[in-house]
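To keep things clear, I will list the structure first and then write my remarks on it.
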Amino acid sequence: MKKTKVNSMEVAKLAGVSQSTVSRVFSSRGTVSEKTRNRVWEAAEELGYRPNALARGLIMNETKMIGVVVRDKQNLLYPEILDKFSKGLREKGYYVLFSYVENDEVQQDDVFQFLEYNVDGVIAVDVSLSSATVLNLSKSNIPIIFFNRYNKDFSGSYHFIGCDNYSAGKYIGEYLIRQNHNRYAYISGHLIDGIEDYCKNGFCDSLQQHGKEAVITLEDHTYEGGYRAALRVLNCDSPSDAIFCANNIMAFGAIDAIKTLRLSIPKDVSIVGMHDSIMASWGRYSLTTWH
């Protein structure tokens, strides 16, 4: 026979207090004497009572749940980022509700569970939200944080966290110039939101100040994309001797393309990635990357 769950009324009866007192004890809201609090805890322990987090959230209008929506794509940075989000939020007493999407723009159906559970906030990791999705979240007073994705269309209705890509691109350009390179290439995915555009602009601006320019090559944000792009800038009449990749996974593809052509790093070609990851330090790649 399935055992029925113990409710707060049973705890209140055993402890000799009201149900509202039990609620105050478990929500840490309101004043309860130490003696009464101990009686409630002892009764709950004896009965095996565990408060219903969702029910408590509806009462207190605080679910302690954060919705994280991320595009399920090839990017070695995001498993590390999501791990940090999960650990950091747990330390603050929050639970994480993940939603993985296939498309770049998140629709209402992709985040219905966030609205259903009335999450305390939404973090959108490298995806954009449709205007209808933003409107629905705003109507429910759910704050939105975009991570590594800037959307000027919703300026003022959300928070944004990301790298200063322009400064990073400029610094990397200056770094490569100091290595006395002559022919530069910038490999990126198709520019969607302007984030990587800032990186490209910083890189190109630093080169321009020294009378240099870069070949811009766009591909998929994948290992295969980086591989194909590197072959294009190396298998030509004026091959690049310095390559800057918009992310590490593309840089790994570029490194293997360089090895396929039997070229040496950094003797023949220097390569720099963007956004550090654990794999960058692996002996196979030992990638120079922007952290």
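Remarks
- Identity of the residue in the range 118-142, among the charged types (D, E, K, R) and in a loop (DSSP other than H, G, I, E, B), that ends up surrounded by the fewest Cβ atoms within 10 Å (Cβ to Cβ): 120
- Test: residue in the range 221-243 that is open to solvent by less than 10 Å² (accessible area, probe 1.4 Å) and part of a strand (DSSP E or B): yes
- Test for residue 290: is it on the phi < 0 side of the Ramachandran plot, in contact with a helix residue (DSSP H, G or I) (Cβ under 8 Å, 6 or more places away or on another chain) and aromatic (Phe, Trp, Tyr): yes
- Of everything listed in (1) of a type in the set (D, E, K, R); (2) at pLDDT 80 or above; (3) surrounded by 13 or more Cβ atoms within 10 Å (Cβ to Cβ), the single unmet condition for residue 73 is (2).
- Of all residues in the range 198-219, at least one satisfies being under 17 Å from residue 173 (Cβ atoms), open to solvent by 50 Å² or more (accessible area, probe 1.4 Å), under 23 Å from the mean Cα position of the chain (by Cα) and not polar (S, T, N, Q).
- Taking helices (runs of 4 or more DSSP H) as the structural unit, those lying wholly within the range 1-68 and holding at least 1 residues that are hydrophobic (A, V, I, L, M, F, W, C) and either crowded, with 16+ Cβ neighbours inside 10 Å or at pLDDT 85 or above (or both) correspond to 8-15, 19-27, 34-47.
- Filter result (among the polar types (S, T, N, Q) and more than 13 Å from residue 275 (Cβ to Cβ)) within the range 247-263: 260
The values are calculated or read from the model by the stated rules, or taken from the named source; none is laboratory data. The shown structure was predicted, so the numbers you read here are calculated from the model rather than taken from an experiment. We place every Cβ from the backbone using ideal geometry, glycine too, and count neighbours over all the protein chains shown. To get the accessible areas, we keep the full protein, side chains included, count just its heavy atoms, and leave off ligands, DNA and RNA. Shrake-Rupley method; radii C 1.70, N 1.55, O 1.52, S 1.80 Å.
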